[in-house]
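Each value in this text was obtained by applying a stated rule to the coordinates, not by laboratory testing. Computed from a prediction, not measured in an experiment: that's the story for all the values here. Because the Cβ atoms are built from the backbone with ideal geometry, glycine has one as well, and the counts that use them run over all protein chains shown.
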Amino acid sequence: MSKDIVTARDDFPILKTLVNEHPLTYLDNAATTQKPQTVIDALTEFYSTYNSNIHRGNHTLAARATQAHEEVRARVARYIGAAHPHEVIFTRNTTESINLVAYAFGDAFVHEGDEIVVTQLEHHSNYVPWQLLCQRKNAHFRVVPFDSNGDLDLQVLGSLLTEKTRLLAINHISNSLGTVNPLENIIPLAHSHGIPVLVDAAQSVQHIAHNVQELDADFYAFSGHKIYGPTGIGVLYGKEEWLEKMPPFLSGGEMIDQVTAERTTFNQLPFKFEAGTPNIAGAIGLGAAIAYLEQFDFADLMAYEEALLAYGLTQLSQIPGLILYGNPRRRSGVLPFNIEGLQHYDVGVLLDTLGVAVRTGQHCTQPIMDALCVSGTIRASLALYSSREDIDALTDALRRVLKMLKRHK
């Protein structure tokens, strides 16, 4: 029997916190999610009872830690629908996962005059690494724009995919607008031109249905801390055929097979891409986070969050002077807005005095802000423990802020 979403809030101890003498209303989930007690307990248990380095030790603690670490790899593979656990590489975060591909794939397959295609909806972590790769290789950096609704211009995308394109890098969900990109159409289009696709899943793997084999993604990256796990742990999925062809990203311990003065040979997958001691505790915490999520019916989670997003859009639209950004065909998890005449940073600070945590600024998406002709936005973002009461607390706080500022004019 699936776990009841209504009771999920009780599993997250930080949500009982008071902030500035107000109950915490946490709506900064696109930046990082809070952690259930089971994740906290898993980290404590590791450090308290079997902390050890992995893979190279032959004592009891090393064996137990190694087994736990590799069981998480298998759990992640099942969760994202990978064909093999060795297609799952542990990194620090989405950013490192993307940089790994930009360097390793880029060194092997991108040459002068080639092209890399990204979109205007990308987080800087899926934009700048490709821009820098093109500069290193004297290749061409192509950007797909979005329209006034926040949807990608698929006609332009189609025109940019040519025989010179070596890779398409695209997010599944925009962290600033919440746009859900139609990867089920985009990936087959790229593949019809023989172009591999990297998917930034940082904002999608916890919110919408995902299966890397069904998507046919060549690379797929996400961060543990955005899926109720610890910071400092991330995942790169890559199809075995690509990972085998790519050179290592970092070198050192664990990623080697044989080292002599004449040459070095490399370890098998996935260890070829996991140099040095990894974040063992982080991986174990990520496994606990996925185990927690697996208690729910994912279709129920999606329906719950979609209904909550619709409620939030309706409630915010009733705030005087509030400007909502984007009206994409499909949106997930994000409520981006500004208040006419007010600076986004100032509104965020005033909301915090009332216990409401939102994110303000460019959200590491300056190309989006430039297209919207704004310096930044206020972003409220949702998680499975978010509620209508959170939305009501946000809208009530916004009305109080407006009254407060009106009195001081």
Reported label for calculated Rg and Dmax of the Cα atoms in Å given (i) 22.1, 76; (ii) 22.2, 72; (iii) 22.2, 93: (i)
DSSP-loop GluC sites (Glu not before Pro) across the stretch 121-226, with at most 16 other Cβ within 10 angstrom: Glu163
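Let me check against my output: what whole-number percent is the relative contact order of the stretch 40-293, with C-alpha pairs under 8 Å and at least 6 apart?
Values: 472 pairs, mean separation 60.8, N = 254.
After rounding, I find 24 percent.
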Interchain or long-range residues, amide H under 5 Å from Gly253's placed H: Gly276
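Can you list which of the trypsin sites (Lys or Arg not before Pro) found in the stretch 173-263 are DSSP loop residues with at most 16 other C-beta atoms within 10 Å? Write out the running numbers ahead of the final one.
Numbers: sites: Lys226, Lys239, Lys245, Arg263; in loops: Lys239, Arg263.
Filter output for the stretch 173-263: Arg263.
State to the nearest 20 debye the size of the charge dipole of the stretch 40-293 about its Cα centre, where the only charges are +1 on K and R beta carbons and -1 on D and E beta carbons. List each step's numbers first, then the result.
Details: 16 positive and 27 negative charges, 104 e Å.
Computed about the Cα centre, the dipole is about 500 debye.
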5 angstrom amide H check on Glu115, placed H, neighbours 5+ away: His140, Thr165, Arg166
Integer Hz, Karplus 6.51/-1.76/1.60 couplings in order for the stretch 89-98, x for Gly and Pro: 10, 8, 10, 7, 5, 4, 4, 5, 4, 5
All lysines inside 28 Å of Lys226 as judged from Cα atoms, apart from same-chain residues fewer than 8 positions distant: Lys3, Lys16, Lys35, Lys239, Lys272
Residues whose placed amide H lies under 5 Å from that of His55, excluding near-sequence neighbours: Thr66
Phi-based couplings in Hz for the stretch 129-144 (Karplus 6.51, -1.76, 1.60; Gly and Pro marked x): x, 6, 4, 5, 4, 5, 5, 5, 9, 6, 9, 10, 9, 10, 10, 8
For the chain, built as a Gaussian network whose Cα springs stay under 10 Å, the top-fluctuating residue of Gln120, Gln203, Gln315: Gln315
Positive-end extreme of charge dipole, the stretch 244-379 - chosen from Leu316, Thr277, Gly333 (charges on Cβ): Leu316
Value of [θ]222 nm, deg cm²/dmol, for the chain, DSSP H segments ≥ 4, -39500 (n - 2.57) each, nearest 500: -11500 deg cm²/dmol
Residues of type lysines that Lys137 reaches as a straight line, Cα spacing below 22 Å, ignoring anything fewer than 8 places off in the same chain: Lys164, Lys245
Charge dipole (the stretch 58-194, unit charges on Cβ, about Cα centre) - positive-most of Thr95, Asn58, Gln120: Asn58
Whole-Hz couplings from phi, Karplus 6.51/-1.76/1.60, listed for the stretch 257-262; x for Gly and Pro: 10, 10, 10, 10, 5, 8
Options Leu43, Ile368, Ala291, ranked by Cα towards positive dipole end of the chain, top entry (Cβ charges): Ile368
Sorted by Cβ density within 10 Å, fewest first, the residues Ile284, Ile256: Ile256, Ile284
